[in-house]
Amino acid sequence: MKKILLYLATLAWALLIWRLTTTPDFSVTDDTVLSFILSNGGHFIFFGILCALILLTLPPRIWNLSSSILAVAGSSLYGIVIELVQRNIPGRSADPFDWLLDTLGAFCSIGMIKWYNDKYKT
């Protein structure tokens, strides 16, 4: 049951990302500086959480370098798909910097999980 909930949480998070990033002319605020911070921070945090959820769906006994690479690659690939889809959405654009933030967020998420496991699970 726990595993099913993890899969559903991962799917729900991916759908939330999809909804937020494919909404035409989406803007949280009119303040350009705050909008820039929220947009870029959102990419980093949302895809970091997605990566952590992908990793958590894998059995803990196989958490190793290859499962971490798989989780980061899955998040990064989803980021590429989102950016490509955004090319055709009014008020949106495909920005390689956004994809870079998605991937960086995924890497940092894996790093924090590894740090936590090394520090508290030994």
Of the conditions (1) β-branched (Val, Ile, Thr); (2) open to solvent by 30 Å² or more (accessible area, probe 1.4 Å); (3) touching a residue at least 12 places away in the same chain (Cβ under 8 Å), Ile37 fails just one. Which one is it? (3)
For residues that are modelled with pLDDT under 85 and under 22 Å from Pro90 (Cβ atoms), tally how many sit in region 1-35. 9
Any chance region 51-63 includes a residue that's within 19 Å of Ser93 (Cβ to Cβ), among the hydrophobic types (A, V, I, L, M, F, W, C) and assigned to a helix (DSSP H, G or I)? no
Using the structure shown, decide if Asp30 is charged (D, E, K, R), in a loop (DSSP other than H, G, I, E, B) and either open to solvent by 60 Å² or more (accessible area, probe 1.4 Å) or within 22 Å of Ala9 (Cα to Cα) (or both). yes
Name the one entry in Gly105, Gly41, Gly111 that is closer than 20 Å to Ala12 by Cβ and assigned to a helix (DSSP H, G or I). Gly105
Pairs, first modelled with pLDDT under 90 in region 102-122, second assigned to a helix (DSSP H, G or I) and of a type outside the set (Asp, Glu), C-beta under 7 Å, six or more apart: Ile113/Ala52; Ile113/Leu55
Scan region 92-102 for residues that are within 18 Å of Val28 (Cβ to Cβ) and outside any helix (DSSP H, G or I) and jot them down. Arg92, Ser93, Asp95
Taking Phe47 and the conditions (1) aromatic (Phe, Trp, Tyr); (2) open to solvent by 70 Å² or more (accessible area, probe 1.4 Å); (3) in a helix (DSSP H, G or I), which numbered condition does it fall short on, given that it satisfies the others? (2)
Only residues in region 1-25 that are outside any helix (DSSP H, G or I) count as the first member; pair them with residues that are surrounded by fewer than 11 Cβ atoms within 10 Å (Cβ to Cβ) and of a type outside the set (Ser, Thr, Tyr), Cβ under 8 angstrom, at least 6 apart or cross-chain, and list the lot. Pro24/Pro90; Pro24/Gly91; Asp25/Pro90; Asp25/Gly91
Return the pairs, sorted by first residue and then second, in which the second residue is in a helix (DSSP H, G or I), the first residue lies in region 83-100 and is hydroxyl-bearing (Ser, Thr, Tyr), the beta carbons are less than 9 Å apart, and the residues are 6+ apart or on different chains. Ser93/Glu83; Ser93/Gln86
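The values are calculated or read from the model by the stated rules, or taken from the named source; none is laboratory data. What you see is a predicted model, and the numbers here were worked out from it, not measured in a lab. Positions of Cβ are backbone-derived with ideal geometry, glycine not excepted, and every protein chain shown enters the neighbour counts. Please note that ligands, DNA and RNA were not included when accessible areas were found on the heavy atoms of the full protein model with its side chains. Shrake-Rupley method; radii C 1.70, N 1.55, O 1.52, S 1.80 Å.
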